[in-house]
Amino acid sequence: MNKVRIEPLSTKDLEELIKIEKDTFSQPWTKAMFCEEIDNPIAVYFVAKDDRSVYGYIGLWKIGDEGHITNIAVSEEYRGEGIGRALLARMLQFGKEAGIVAFTLEVRKSNIRAIQFYKSFDFQVAGVRKGYYQDNGEDGLIMWRRPNA
């Protein structure tokens, strides 16, 4: 892996992004869904990449002065190398520049590693969405980050 850059998502990144999505999630988004996101005026996506590969991505919907983090994933063989941290830090910086004052996301209740990751960025559990995940009915934790609260 060469020096990784965080850049806006482009259509040329989609094939590798879809592979990461399928390898990461039990209910992966389709290529068509990501194409719609590229054209969605409230959606912002960044990828972590070098000249050869895409290693991860993050997405957000900007709704007023709030940001809903829609998804974040890192290729399995590169997890633990700081790529997810770099992606989330870049998205939070984008949010600050765009006037976002609070961020939210949902995470599986059983995904302890992700919950701890988000807590390290000052996200706090604010509620539960019962049966949120359709594949197995698992609850989703609602997490919020309100830096100035």
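Table: residues versus (1) under 24 Å from Leu141 (Cβ atoms); (2) surrounded by 18 or more Cβ atoms within 10 Å (Cβ to Cβ).
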position	(1), (2)
Ile6	no, yes
Trp61	yes, no
His68	yes, no
Ala89	yes, no
Ala98	no, no
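Candidates are the residues of segment 22-58 that are out of contact with any helix residue (DSSP H, G or I) (no Cβ under 8 Å at 6 or more places or on another chain) and touching a residue at least 40 places away in the same chain (Cβ under 8 Å); the one that is nearest to Ile83 (Cα to Cα) is Asp50. Before we move on, is Val125 β-branched (Val, Ile, Thr) and within 23 Å of Tyr55 (Cα to Cα)? Criteria not met by Val125.
Would a scan of segment 111-130 turn up a residue that is small (Gly, Ala, Ser), surrounded by fewer than 21 Cβ atoms within 10 Å (Cβ to Cβ) and in a strand (DSSP E or B)? So far as segment 111-130 goes, yes, one or more of its residues are small (Gly, Ala, Ser), surrounded by fewer than 21 Cβ atoms within 10 Å (Cβ to Cβ) and in a strand (DSSP E or B).
Pairs linking a residue in segment 122-136 that is among the acidic types (Asp, Glu) to a residue that is surrounded by 13 or more Cβ atoms within 10 Å (Cβ to Cβ) and not in a loop (DSSP other than H, G, I, E, B), with Cβ atoms under 7 Å and 6 or more positions apart or on different chains, are Asp122/Arg145.
Screening segment 9-52 for residues that are among the small types (Gly, Ala, Ser) and at pLDDT 95 or above and picking the one that is farthest from Arg79 (Cα to Cα) gives Ala43. Residue check: is Ile63 in contact with a strand residue (DSSP E or B) (Cβ under 6 Å, 6 or more places away or on another chain) and at pLDDT 95 or above? No; evaluated as a whole, the condition is false for this residue. Within segment 76-87, the only residue that satisfies the criterion of being modelled with pLDDT under 95 and buried (at least 17 other Cβ atoms within 10 Å of the Cβ) is Tyr78. Assessment of segment 133-140 against the conditions (more than 18 Å from Phe46 (Cα to Cα), under 16 Å from the mean Cα position of the chain (by Cα), part of a loop (DSSP other than H, G, I, E, B) and not charged (D, E, K, R)) yields no matching residue.
The values are calculated or read from the model by the stated rules, or taken from the named source; none is laboratory data. Please read all numbers here as calculations on a predicted model, not as lab measurements. Note that each Cβ is placed from the backbone with ideal geometry, even for glycine, and that neighbours are counted across all protein chains shown.
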